[in-house]
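Enquirer: I am attaching a structure below and will ask some questions about it afterwards.
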Amino acid sequence: MLLACAALSFAIPETGTRVAALFLINLSAVLSIVVFMGFSGIMTFGHVGFMSLGAYFGAYLTLPTLMKAQFLPGLPGWLVAVDLPVIAAVPVVMLAVGLVAAVIGLSVCRLPTDTAPIATIGVLVIIHGVLIGARDLTRGIQPLFGFEALDGLWLPLGFALFTLGVALVFRVTPTGLKLQASRDNELSAAASGVEVFRVRLIGWTLSAMLIAGSGLLLAHYLTVISPRQFYFVQMFALLAMAIVGGVSTVTGAVVGTGLVTALSEMTRRIEGASWLEAAGLPPLFGLSQLVLAGAILFIMYRRPSGLIAWREPSSRWFARPQARTGPAAADRPAIVPAAADAAPMLEVRGLSKSFAGVRALSDVSFVLHRGETLSLIGPNGSGKTTLVNLVTGVIRPDAGAVFLNGEAITGNAPQMVARKGIARTFQNIRLFETMSVADNVRLAALDVADDPRARAFELLTDLGLADVAQTPAGELAYGRRRRVEIARAVALAPSVLLLDEPTAGMNETESADLADILGQLKARFGLSLLVIEHDQAFVRNLSDRVLVLNQGELIASGTPDEVRRDSRVIEAYLGREAANDYGQEETEDQNQEIATERN
Ligand code: ADP
Ligand code: MG
């Protein structure tokens, strides 16, 4: 990048330097957008608004005092007197715009992922409107001029490198990692303890601060600005750069900005070229927009996630070269001796939930004791997943209460429940697909382990996943994906682990292996387990007690054998007709078993 810029400005001194400067300013703007849009997965149109604020706030600091006094009568006296060099104005502008962005972000970042982009359009339109309306502070739609022209490439280059550094570092910080996790899967990020709103707000504000700096540089590059410069056309150009390169990677931003800046510079020249006139053709207005649109469509069609999608070449620099494996599992002492005692770990009292009048769960109560394994069985649609969702705060109960270790946690948000010590897996696996297996697990350990990386690798080793630690989770085969999800849940250092059909889709060997692993994890970490399961062998081998749900009601509970013989359970699974016969057969089977054992 550096070489290309240097070469450009040497090869064609005047124009080359200008194109290189524009490229660098665009690059810092696109990288700023990537910090929010790329890492949170939320499309933003509002950042061009923050870019314009950067330019206008910057004008207050860098325009000559006389200019300000003449053109901006609304400016307070002390601001009129300020006359800073551009480089000193950059951090001030970043702070000021950061403050504005943080206040706006308080509402935007709370919105659901699919409606937030609409709100960001609103942000752009409102900022634009304010710039036009606040005539005494901005000259309205009239151009504001008098900016000192940029001298050479040093400032754009320095700022582009600064944004590049911030983006690369933010990507691997705990907050950056959490933001990317919320992009990949918001629900399981929350279930892993991530406060999605908080990390989004940080990304949003940081991104606005950076782009405000590019806005100020752009003002000094152009020397004349008006609100029109910072509106949809500019926004589409920046989005094109981000999308063409691949918005989720920093490298993609560099490549995309280079390509699109080159493309639009070339087309801009063709648009007004003299040979067009000489050839008797009219000037081609709108050619650059057309070419940009074409480029976006082509990329969307051929490579929907951009030229450099997901895989960040630079991420290797940050990864520890050799995965540190902890001491072998056998050498590690168990954290808590795993003996079921009478203390209730999780208590559910009278939970009820209806969906649009359909009763999914009615008046369910049970206790999960410390160190116990409880299996929850029941036909499809009997409310098992609903129960897990209620306990983990994904949905709110209509009635009833949930206690963890004696503390009421009813209605707490999923990330709160996770932080208090309830981890879960999902019936339809929810991983952070684009993140590496190691990062999936590390994410959950960020706030609970002294060395999250070491803890992640330790768990991956335990679950036989060490060899795929650096593979994106989305590329794994089914059985291993299940294990990653379990490793991630355990990484949260929970006291209660809820597993929603962990062996679904597994063959007998795989589920037997999984039962072994769960037994070991439970013993080592002192977990109390609630497992939703269909596999009979699995239930019998693993569980201390079994709960049976049918049509939202708890119809039986007891040891695996007791429940197996319960006529209501048999009825629920096989229908009333079969109940009597089956009960009889069971008893005969049992006699046979006893006879065999005696022999
Ligand atoms: P299980 O996990 O035992 O198969 P679920 O808890 O998924 O059963 O579903 C119980 C009942 O609640 C089903 O009738 C299902 O259609 C309904 N249900 C579950 N979640 C929702 C939801 N978010 N909206 C509407 N109905 C739901
Ligand atoms: Mg279910």
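The values are calculated or read from the model by the stated rules, or taken from the named source; none is laboratory data. In this text the structure is predicted, and so the values were computed from the model without any measurement. Positions of Cβ are backbone-derived with ideal geometry, glycine not excepted, and every protein chain shown enters the neighbour counts. Surface accessibility is based on the protein's heavy atoms, side chains included, excluding ligands, DNA and RNA. Shrake-Rupley method; radii C 1.70, N 1.55, O 1.52, S 1.80 Å.
Enquirer: Going by the conditions given, is I517 away from ligand 1 (no atom under 16 Å from the Cβ), in contact with a helix residue (DSSP H, G or I) (Cβ under 9 Å, 6 or more places away or on another chain) and either outside any helix (DSSP H, G or I) or within 13 Å of V441 (Cβ to Cβ) (or both)?
Expert: Answer is no for this residue.
Enquirer: Do we find that T392 is among the polar types (S, T, N, Q), open to solvent by less than 20 Å² (accessible area, probe 1.4 Å), closer than 21 Å to A413 by Cα and within 16 Å of ligand 2 (Cβ to nearest atom) in this structure?
Expert: It is true that T392 is among the polar types (S, T, N, Q), open to solvent by less than 20 Å² (accessible area, probe 1.4 Å), closer than 21 Å to A413 by Cα and within 16 Å of ligand 2 (Cβ to nearest atom).
Enquirer: With respect to V496, determine if the residue is open to solvent by less than 20 Å² (accessible area, probe 1.4 Å), within 15 Å of ligand 1 (Cβ to nearest atom), in contact with a Ser or Thr (Cβ under 7 Å, 6 or more places away or on another chain) and β-branched (V, I, T). Walk me through how you get there before you give the answer.
Expert: Working: open to solvent by less than 20 Å² (accessible area, probe 1.4 Å): yes; within 15 Å of ligand 1 (Cβ to nearest atom): no; in contact with a Ser or Thr (Cβ under 7 Å, 6 or more places away or on another chain): yes; β-branched (V, I, T): yes.
The answer is no for V496.
Enquirer: Ok, one more. Check whether at least one residue in the stretch 423-445 is over 28 Å from S305 (Cβ atoms), away from ligand 2 (no atom under 16 Å from the Cβ) and either among the hydroxyl-bearing types (S, T, Y) or touching a residue at least 12 places away in the same chain (Cβ under 8 Å) (or both), and report yes or no.
Expert: Yes.
Enquirer: Scan (1) open to solvent by 10 Å² or more (accessible area, probe 1.4 Å); (2) within 15 Å of ligand 1 (Cβ to nearest atom); (3) out of contact with any Asp or Glu (no Cβ under 9 Å at 6 or more places or on another chain) for the single condition A512 breaks and write down its number.
Expert: (2)
Enquirer: If I filter the stretch 190-213 for residues that are open to solvent by 30 Å² or more (accessible area, probe 1.4 Å) and farther than 30 Å from V391 by Cα, do I get at least one hit?
Expert: Looking for residues that are open to solvent by 30 Å² or more (accessible area, probe 1.4 Å) and farther than 30 Å from V391 by Cα, one finds at least one in the stretch 190-213, hence yes.
Enquirer: Then there is this: Go through the stretch 378-389 and give me each residue that's out of contact with any strand residue (DSSP E or B) (no Cβ under 8 Å at 6 or more places or on another chain) and near ligand 2 (Cβ under 9 Å from one of its atoms).
Expert: Of the residues in the stretch 378-389, the ones out of contact with any strand residue (DSSP E or B) (no Cβ under 8 Å at 6 or more places or on another chain) are 380-381, 389.
Hits for the stretch 378-389 are N380, G381.
Enquirer: Filter the stretch 348-389 down to the residues that are more than 7 Å from ligand 1 (Cβ to nearest atom), open to solvent by 20 Å² or more (accessible area, probe 1.4 Å) and among the β-branched types (V, I, T) and list them by number.
Expert: V367, I377
Enquirer: Check whether at least one residue in the stretch 402-416 is among the polar types (S, T, N, Q), assigned by TED's automatic domain parsing to the domain that holds S354, within 16 Å of ligand 2 (Cβ to nearest atom) and under 21 Å from N185 (Cβ atoms), and report yes or no.
Expert: So the first thing to find is which residues in the stretch 402-416 are among the polar types (S, T, N, Q), and the list is 405, 410, 412, 415.
Still in the running and assigned by TED's automatic domain parsing to the domain that holds S354: 405, 410, 412, 415.
Narrowing further to those that are within 16 Å of ligand 2 (Cβ to nearest atom): none.
There is no residue in the stretch 402-416 that is among the polar types (S, T, N, Q), assigned by TED's automatic domain parsing to the domain that holds S354, within 16 Å of ligand 2 (Cβ to nearest atom) and under 21 Å from N185 (Cβ atoms).
Enquirer: Working only within the stretch 526-556, note down all residues that are more than 16 Å from ligand 1 (Cβ to nearest atom) and either at pLDDT 90 or above or touching a Leu at 6+ places or on another chain (Cβ under 7 Å) (or both). Full working, then the answer.
Expert: The initial filter retains those residues of the stretch 526-556 that are more than 16 Å from ligand 1 (Cβ to nearest atom), namely 526-529, 536-538, 540-545.
Of everything in the stretch 526-556, those that are more than 16 Å from ligand 1 (Cβ to nearest atom) and either at pLDDT 90 or above or touching a Leu at 6+ places or on another chain (Cβ under 7 Å) (or both) turn out to be G526, L527, S528, L529, L542, S543, D544, R545.
Enquirer: Tell me yes or no: at least one residue of the stretch 390-401 is of a type in the set (S, T, Y) and more than 7 Å from ligand 1 (Cβ to nearest atom).
Expert: Checked against the condition, which is being of a type in the set (S, T, Y) and more than 7 Å from ligand 1 (Cβ to nearest atom), the stretch 390-401 yields at least one hit.
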